[in-house]
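One structure is given here, and the rest of the page talks about it.
The values are calculated or read from the model by the stated rules, or taken from the named source; none is laboratory data. The shown structure was predicted, so the numbers you read here are calculated from the model rather than taken from an experiment. When we count neighbours, we look across all protein chains shown, and the Cβ atoms used for this are built from the backbone with ideal geometry, even at glycine.
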Amino acid sequence: MGRRPPAPDPFPEEARAGRWLTAPALLGLALFVLLPFLGAVAFSLTDLRLGSPRGPSFVGLEQYRRLLEDPAFLAALRNNLLFALGVVPLQTGLALLLALGLRRRFPGRAPLRTLLFLPVVFPMALVAVMWTVLYAPGPRGAVNALLETASLGLWEPRDFLHDPAWALPAVMLTSIWQGVGFQMVVLLAGLQAIPRELYEAARVDGAGPWRQFLHVTLPGLRNPLLFVVLVTAILAFRVFDQIQIMTQGGPGHATTTLMYEAVRAAFVRQQLAQGAALSVVFFLLVLGLTWLQRRLLRQRAVLA
Amino acid sequence: MAETAGRAAGAGRAIAGVALAGALLALGACGREAPAPGPGPRAAPVTVWAHAGQEAERRALEAQAARYNASGPVRPVRLSFLPEGGYNAQVQAAALAGDLPCLLELDGPYLAHYVWQGRLRPLDGLLPAALREDLLPSVLAQGRYRGRLYGVGTFDSGLGLYGRRSLLDVAGAELPEGPGEAWPVERFEALLERLAEADPDGAVLDLGLQLRGEWYTYAFAPALHSAGGGLLAPGPDGRLRAHGVLDGPASVAALERIQGWIRRGRVDPNLDEAAFASGRVALAWGGHWDWPRYREAWGEDLVLLPLPDFGQGSRTGQGSWVWTVTASCPHPEAAAAFLRFLLRPEEILAMTAANAAVPARRSAVARSPLYGPGGPLRLFAEQLAGGRAVPRPRTAAYPVVTAAFQEAFAAVRDGLDVAAALRRAAEAIDRELAEGGYGAEAAGT
Amino acid sequence: MRRRAPLAGALLWAFALVYLAPVAFMVVGSLKPDALVLREAGSLAAFWPEGASLQNFRDVLRRVDFPRYLLNSLIVTGATVALGLVVNGLAGYALARLRWRGRRAALALVLALLVIPFEAIAVPLFYLVSLLGWRDTYTVQVLPFVANAFAVYLFYSFFLDLPRELEEAARVDGAGVLRTFWSVVLPNARPVLATVAVTTFLFQWGSFLWPLLVTTSEAVRPLPVALAVFQTLPPRQWGDILAFGVMMVAPVVLLYLLFQPAFLRGARLAGPKG
């Protein structure tokens, strides 16, 4: 047939070990990640429903067309974007400030770092329940009372989680609260990796603290910063737990997200196929963001 | 030499791996309640699923299961409670996996959906005729679909307006004696304003806004009917549809009124679910299950009133949890035996003593201290008997119908445009009725 | 920048006080009578345990089977972490160090699957496991998460960077692949083991969406789902709910305080290299 016979494996023992050692992981990934993913794509082209005695039939891109006309989907997309645009700079900025502060020596630095990381180990479901209580409406709600005191009585108590304007920011604050510790630690490690000599050199050249920050700190932090920014952006698209517990997507569609809509479509409206279509769209968005992250990181790594 | 050592180590790993996998699978089997095989002294139990409602109700059912098991039946029952929120989603997921129990409690209106899926077994042969004839007409109507009886509840529900007599007297309200004398909604609103003057935070009404879920449909669809609207109605072709009914002017007007109460601050957000019981509000939209708690809080000061009349007469809700036997149950006769036990008048009275619901059998109603002659809750029974209770739509598409209405009501609650919200809901419902493959089901019973 | 800076310290401590106020609120609230939790939430009394007692904790234990939920979370999380370390660690090593046909293809597959977030496959995966009849077990909560592309990748990168001398010495001495791995590579792999263990633990312990979809009975229900259910169980008493929260997070906080260096190192390592 003209094909070369495959070359004999030079390291048969290694080859056998290699195949056996990776087999469970590959099998697991194929069964529990690849297969469902292909399933999602396949389902999204049908009209599969949960519990219907009638089998599914092929409908092409109909589910996607419906999504584009669905105000809930468009709202979810908008909310995910707003979430990312809000949480990423705020959370990263706060984490950077904290990391910068933690770089200096002062009494109680180590326990402080421990404490600031603490909310990261809280499950998001618990964080959502806690903040639901804090956001209670009326002057007796904790957040309302705090704002009233801080504004010297100018603040009108609001029902945050049911207010079309405040619901999304309220949920964003909850996410920031839970996540900032993680970013802080990553950025702190990045800061500690910047060689002291660069700062010495800058000082010798007459640069003050602000210019040192701009020309030594920020460039040295480029990789960790990019990493936390893009990871947080990706996580901003995966938001589900807080929405399910705190606002159920409301008021109206003010806080619904892609994942929340996907779960609602599949389990509440029983339209599995539409849930699958939402999942595919979600995947494409995350793919885009990840590709962006890889490109930017690789560029820098080459230059670093 | 090294080769054999390596191979031995490899073999050790493999054994460890298999052992680990085995342990995990064993754990997995642990997670599931595996039934013992075959009848006999340790006969496989009848699996029963019920919703986790009010604590007294749960305890009553547990006690009933214990009593039944203690009486030495052929097969004992094993009771599991599922959380009430998302109950239907849970049942759906289990149905998909073929995991349904033998005796399954369902929220009444969802019955049609599961019959359509082919999950339920008719009860006609399993319940004696005398029992069926003793059931309240509303209970029979709820459990019947496509001409056969698929579910029976041990109680029906009551929905009304609880009030504090003392506060209402101060506000100069005349209390209606029966559903025919319900306050017209304009008079009700004037009363709210008078009550608000005497109230520190101006919120004088509890609508149960924090409950969400099926409560929204159960509690507020009657207001639509009372105004002349509704959820679904047969269209010109005889098939059920929402357009023109749910988004019609009467329905919109009813919900706009309710939205007005919320917007003016007359409704308590009730985050701690104690607005009425702790005295913050004078009136509460509530169901029979609230009676024990409210009675304990206010004693003689508590009154039960019909819901306000939005134009076409006061309307209220009906329907509650029903027991069904699943098609996949391997021993339906044993399941029915427990059901017959639950339907004994004394057992019905035990349950309704705990949850204050309307007993499902006429013989039990007569003996009930709450619903019998002169009983404090007879308003509920009167509403059911007098045609003022409106059942929720009986269609296989009910899960979608109620989800759409709940979403619309949430929008109303949050101050968004009522007409737009109802229109969206009607469109979603009609689309589902057209495409869901319901066929003749879409025409209703 | 290693100068002493007491001002920065003071500012940070002040911030930490406000930042951790919600945690204090939860702990203090769990000790208060139910009626007072919401009523006093708006004042400093929220942080003062007036009438403090353990009644709420007793109520939780009476109303629901909390120890069962805790056990379920421990079993599910423990099994996922343990199995995950083995499966992903061995795979990462094999991809990094061993030469075998199909290695490149396998690596490409792992990298490709890295971008698929769990949520994108949750719905079809649910359908699949329902059809298999795995619902409502421990297996269904553990097995789908044992093989993890991200963990494989972490192990792979780590082992790639490990200096080869030790392994080569062992191989020269005649040790087989697995023996080399066990006696030479593993002891030096503590950082990555800690990282993967910690991240897997945190993910599984807080996992909510998946167990919500696939569990029904209390026998296998893990803590996050149990909390969400408990929060809606009538009567809704916030003191009890906060007590539930405290009991649920206490084991993790304890683990965190004990193994703090591992947690922090794990977070650092999960970031990009330098």
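Could you check the stretch A:256-298 and list, in sequence order, the residues that are more than 20 Å from the chain's Cα centre (by Cα), buried (at least 24 other Cβ atoms within 10 Å of the Cβ) and in a loop (DSSP other than H, G, I, E, B)?
A:Gln270, A:Gln271 - these are the residues of the stretch A:256-298 that are more than 20 Å from the chain's Cα centre (by Cα), buried (at least 24 other Cβ atoms within 10 Å of the Cβ) and in a loop (DSSP other than H, G, I, E, B).
Output the residues belonging to the stretch C:66-84 that are over 25 Å from C:Leu242 (Cα atoms) and surrounded by 19 or more Cβ atoms within 10 Å (Cβ to Cβ).
Hits for the stretch C:66-84 are C:Ala79, C:Thr80, C:Val81, C:Leu83, C:Gly84.
With within 14 Å of another protein chain (Cβ to nearest Cβ) and at pLDDT 90 or above as the only criterion, which of B:Ile348, B:Ile429 stands out?
Result of the check over B:Ile348, B:Ile429: B:Ile429.
Give the residue that is farthest from B:His51 (Cα to Cα), with candidates limited to residues of the stretch B:94-128 that are of a type in the set (Gly, Ala, Ser) and away from every other protein chain (no Cβ under 14 Å).
Selected residue: B:Gly125.
Out of all the residues in the stretch B:104-147, which are among the basic types (Lys, Arg) and under 16 Å from B:Arg340 (Cβ atoms)?
The answer is B:Arg121, B:Arg132.
Only residues in the stretch A:19-30 that are buried (at least 23 other Cβ atoms within 10 Å of the Cβ) count as the first member; pair them with residues that are of a type in the set (Ser, Thr, Tyr) and part of a helix (DSSP H, G or I), Cβ under 8 angstrom, at least 6 apart or cross-chain, and list the lot.
Correct list of pairs: A:Leu21/C:Tyr93.
Look at C:Leu98 and say whether it is free of Cβ contacts under 8 Å to residues at least 12 places away in the same chain, of a type in the set (A, V, I, L, M) and either buried (at least 19 other Cβ atoms within 10 Å of the Cβ) or under 24 Å from B:Ala275 (Cα atoms) (or both).
Spelling it out, it is not the case that C:Leu98 is free of Cβ contacts under 8 Å to residues at least 12 places away in the same chain, of a type in the set (A, V, I, L, M) and either buried (at least 19 other Cβ atoms within 10 Å of the Cβ) or under 24 Å from B:Ala275 (Cα atoms) (or both).
Return the pairs, sorted by first residue and then second, in which the second residue is part of a helix (DSSP H, G or I) and among the aromatic types (Phe, Trp, Tyr), the first residue lies in the stretch A:183-198 and is without any contact (Cβ under 8 Å) to a residue 12 or more places away in the chain and on the phi > 0 side of the Ramachandran plot, the beta carbons are less than 6 Å apart, and the residues are 6+ apart or on different chains.
If the second residue must be part of a helix (DSSP H, G or I) and among the aromatic types (Phe, Trp, Tyr), no pairs are left.
Hey, any hits in the stretch B:235-243 for a residue that's crowded, with 23+ Cβ neighbours inside 10 Å and within 23 Å of the chain's Cα centre (by Cα)?
yes
Assuming A:Ile194 fulfils every condition listed in (1) within 24 Å of the chain's Cα centre (by Cα); (2) surrounded by 16 or more Cβ atoms within 10 Å (Cβ to Cβ); (3) not in a helix (DSSP H, G or I) apart from one, which condition is it?
(1)
Has the stretch B:307-321 got at least one residue that is assigned to a helix (DSSP H, G or I) and of a type in the set (Asp, Glu)?
The answer is no; no qualifying residue exists.
Scan (1) among the acidic types (Asp, Glu); (2) surrounded by fewer than 21 Cβ atoms within 10 Å (Cβ to Cβ); (3) over 23 Å from A:Gly138 (Cα atoms) for the single condition B:Glu273 breaks and write down its number.
(3)
Could you tell me whether B:Leu82 is modelled with pLDDT under 90 and more than 16 Å from B:Tyr398 (Cβ to Cβ)?
It is true that B:Leu82 is modelled with pLDDT under 90 and more than 16 Å from B:Tyr398 (Cβ to Cβ).
So which helices (runs of 4 or more DSSP H) stay within the stretch C:1-107 end to end and still have 1 or more residues that are closer than 30 Å to A:Ile194 by Cα?
C:6-19, C:66-97
Criterion first (farther than 19 Å from A:Ser175 by Cα and more than 7 Å from chain C (Cβ to nearest Cβ)) does A:Ala110 satisfy it?
yes
Table: residues versus (1) more than 14 Å from chain B (Cβ to nearest Cβ); (2) buried (at least 22 other Cβ atoms within 10 Å of the Cβ).
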{"site": "C:Phe181", "(1), (2)": "no, yes"}
{"site": "C:Asn188", "(1), (2)": "yes, no"}
{"site": "C:Val192", "(1), (2)": "yes, yes"}
{"site": "C:Thr200", "(1), (2)": "yes, yes"}
{"site": "C:Arg221", "(1), (2)": "no, yes"}
{"site": "C:Thr232", "(1), (2)": "no, no"}
{"site": "C:Arg236", "(1), (2)": "no, no"}
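If a residue must be touching a Lys or Arg at 6+ places or on another chain (Cβ under 9 Å), more than 7 Å from chain A (Cβ to nearest Cβ) and buried (at least 16 other Cβ atoms within 10 Å of the Cβ), how many such residues does the stretch C:9-54 contain?
Selection size over the stretch C:9-54: 1.
Is the stretch C:93-109 home to any residue that is closer than 25 Å to A:Arg113 by Cα, at pLDDT below 85 and within 11 Å of chain A (Cβ to nearest Cβ)?
Within the stretch C:93-109, none of the residues are closer than 25 Å to A:Arg113 by Cα, at pLDDT below 85 and within 11 Å of chain A (Cβ to nearest Cβ).
Quick one: in the stretch B:214-271, of everything that is acidic (Asp, Glu) and touching a Lys or Arg at 6+ places or on another chain (Cβ under 7 Å), which residue is farthest from the other protein chains (Cβ to nearest Cβ)?
Ranking the candidates gives B:Asp247 first.
Looking for whichever is touching a Ser or Thr at 6+ places or on another chain (Cβ under 9 Å) and within 28 Å of C:Gly29 (Cβ to Cβ) here; the options are C:Gln231, C:Gln237. Which one fits?
Unique residue meeting the criteria: C:Gln231.
Given the structure, is B:Ala426 surrounded by fewer than 22 Cβ atoms within 10 Å (Cβ to Cβ) and within 18 Å of B:Leu224 (Cα to Cα)?
No; evaluated as a whole, the condition is false for this residue.
Could you list all residues from the stretch B:163-190 that are modelled with pLDDT of 90 or more and either assigned by TED's automatic domain parsing to the domain that holds B:Met351 or under 29 Å from B:Leu343 (Cβ atoms) (or both)?
Listed by number, the list is empty, since nothing qualifies.
Could you please tell me which pairs satisfy a Cβ distance under 9 Å, a separation of 6+ or placement on different chains, a first residue in the stretch B:385-405 that is away from every other protein chain (no Cβ under 14 Å), and a second residue that is aromatic (Phe, Trp, Tyr)?
B:Ala389/B:Phe380; B:Arg392/B:Tyr218; B:Arg392/B:Tyr398; B:Arg394/B:Tyr145
Based on what the data block shows, is A:Gly220 more than 14 Å from chain B (Cβ to nearest Cβ), surrounded by fewer than 21 Cβ atoms within 10 Å (Cβ to Cβ) and farther than 28 Å from C:Leu114 by Cα?
The answer is no for A:Gly220.
So which residues in the stretch B:55-86 are in contact with a strand residue (DSSP E or B) (Cβ under 8 Å, 6 or more places away or on another chain) and part of a loop (DSSP other than H, G, I, E, B)?
Residues satisfying the conditions are B:Arg75, B:Pro76, B:Glu84.
When C:Val249 is evaluated against the numbered criteria (1) in contact (Cβ under 8 Å) with a residue 40 or more places away in the chain; (2) farther than 28 Å from C:Val129 by Cα; (3) facing another protein chain (nearest Cβ under 7 Å), which criterion, by number, is the only one it fails?
(1)
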